[in-house]
Every structure is written in structure tokens, then in C-alpha cells.
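A short write-up of the structure that comes next.
The values are calculated or read from the model by the stated rules, or taken from the named source; none is laboratory data. Here the structure is a predicted model, which is why all the values come from computation and not from measurement. Ideal geometry is used to build each Cβ from the backbone, glycine not excepted, and the neighbour counts take in all protein chains shown. SASA here: full protein model, heavy atoms, side chains in, ligands and nucleic acids out. Shrake-Rupley method; radii C 1.70, N 1.55, O 1.52, S 1.80 Å.
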Amino acid sequence: MADIIVVDDETDVAFMIADYLQAKGYRIRTASGGAELREAIAAAKTDLVVLDLNMPGENGFSLARWLREHHDTGILMLTGADSVFDKVAGLEVGADDYLAKPFAPVELEARIAAVLRRRRPKGPNDADALPAGHFAFGTYAFDARARNLIDADGVAIPLTPMELDLVAAFATRAGQVIGRDELLDLAPPRGDEPFDRSIDSRITRLRRRLEKDPAKPDLIKTIRGVGYLYPKR
């Protein structure tokens, strides 16, 4: 399991998170601020840092920026207020995801797992790898490098990050049936997107955005009892 450092000046919160994640099999260390974080990350390999935003002295923004400059580790930022500014600023300084307090431990664990999966090293034969280039998706083209879905006129279609993750999964796996659990891993919710574990509702929303007739989908086919398929053209 992954090695995680929980950074929070509220020791009761840090210990609560640590106890929960340890029970799930993660190796956990805690730090109360920047100095202890630097000592901990220098002492042993770290896969992800759960980083509180609002701490006295050096705050989470500064620490996230330092982590991005010096270490290749995942960053999940905890924000005390559900403010758009904090979320955008956290992502801009390098956080992989964020979660507003108070939160359910099960959601924290799910977001941690999603960040770790997205950061997993990719090999040339790894099914999760996203090759550079363009991939056909019906009458659209998915630009893997820019993460854009482009229509026939070359105009980018406005989609949420989660919707783009779904498009990437289907466009790069044409002809392959993708199970519901795998799609949840490949397209976890981000930011303000609802933490809805029903992949069916997400596919329905995406079909409404992209299909000519969502009731008779052409891009994303349902394989009953198994998952979904973008047919190979």
C-alpha cells in the first residue's frame, strides 16, 4: 500500500485521518506543519501528502508549491471552507485534488485512491496510458495531449474534467468493453463534481451532451450486466 503523510496542525483531525487510513492498509505518518513535513518526506519515500490548507505559519498553498518543486508526490488538499478561490488556488499550485472539511472518511479514502491511480507510472503496454495524439470519437476527435474534445469544425466542446476522463477512456479503448468499477477508477469526480458512485448516471449526462439521440446512443453503448463500449469504427 501507499506511503502517506497527513499534515494538519489540528492533532485530533490528523490522528483521526491516520487511524482510518491505517485501518485500510495505508502506511501513515503525521506532521503538524512545514518543518515536520520536510523532515518526514526526507526520511522515507512518500506517495501522497494529505495537506491542510489553513495552518499557522506556512500554509498549504506554500507547502504544495514546495512539494511540486522538490518532490514527485501526490497532493490532496483539505480546505476549511468550500470556497471557489481556495479550490482554484490549490489546483494552480499543484494539488491533484481537494476536499472541503468536514468530510466523510470514506470519501477521503476514495479520493486518495483515485489520485494514486492517476499518478501510477505508465508503461507502453499499460491500458491506463494515454498516448499523445488524436483519437476518433464518433464525429468528434479527442486530443490526448491537450485533453480537448473537438467537433468537426475544430471547436472544443466544453466538458468537465470527469467527462473528459470518460471520453479519454472510451476513445483510447475503442472496441473494448469497460466495466463500471474500472470507469469509476478512470473518471473519479473532481472539484465541484458530485461524488456519485453510480457510473450509469454519469454516462447518461455525457450522452445528453454528445449523442444526437441520447435514447439511442451511438457513441457509448450499454453492454448489459457488464459495462459500456465505444464501438471500434
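Values as computed for the structure displayed
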read-out	value
Rounded to the nearest 20 debye, dipole of the chain from Cβ charges on Lys, Arg, Asp, Glu	1220
Segment 1-83 shape via C-alpha gyration tensor axes, a/c threshold 1.5	oblate
Label point at Ala144 placed 7 Å out along Cα→Cβ; residues across segment 171-186 whose backbone nitrogen lies under 13 Å	171-174
Angle in degrees between helix 199-210 and the longest Cα principal axis of the chain, rounded to the nearest 10	60
Residue-averaged [θ]222 nm for the chain, counting only DSSP H segments that reach four residues, each worth -39500 (n - 2.57)	-11500 deg cm²/dmol
Difference of contour (0.36 nm per residue) and Cα-Cα distance, Glu211 to Lys24	63.3 nm
Cα convex hull of the chain - mean projected area over all directions, nm²	13.8
Percent carbon-and-sulfur accessible area, the chain, ignoring ligands, DNA and RNA, probe 1.4 Å	53
Heavy-atom accessible area per residue - the chain, 1.4 Å, Å²	50
Positive dipole terminus of the chain, leading residue within Ala14, Gly94, Val167 (C-beta point charges)	Val167
Tilt relative to the chain, helix 60-70 - C-alpha long axis, 0 to 90 degrees, to 10	80
Given 16 as the ceiling on other Cβ atoms within 10 Å, longest exposed-site-free region of the chain for chymotrypsin sites (Phe, Trp or Tyr not before Pro) in DSSP loops	1-102
Accessible area, probe 1.4 Å, largest first, for residues His71, His134	His134, His71
Extension gain (nm, one decimal) between Asn59 and Glu36, 0.36 nm per residue minus Cα-Cα	7.0 nm
Efficiency of FRET between Thr204 and Thr11 - r from beta-carbon atoms, R0 35 angstrom, step 0.05	0.20
Helix 161-171 axis, angle to the chain major axis (alpha carbon atoms, nearest 10°)	50
Simple spin-label estimate for Ala104 and Asp153 in nanometres, 7 Å along Cα-Cβ	4.2
Accessible surface, 1.4 Å probe, highest first, among residues Lys101, Lys221	Lys221, Lys101
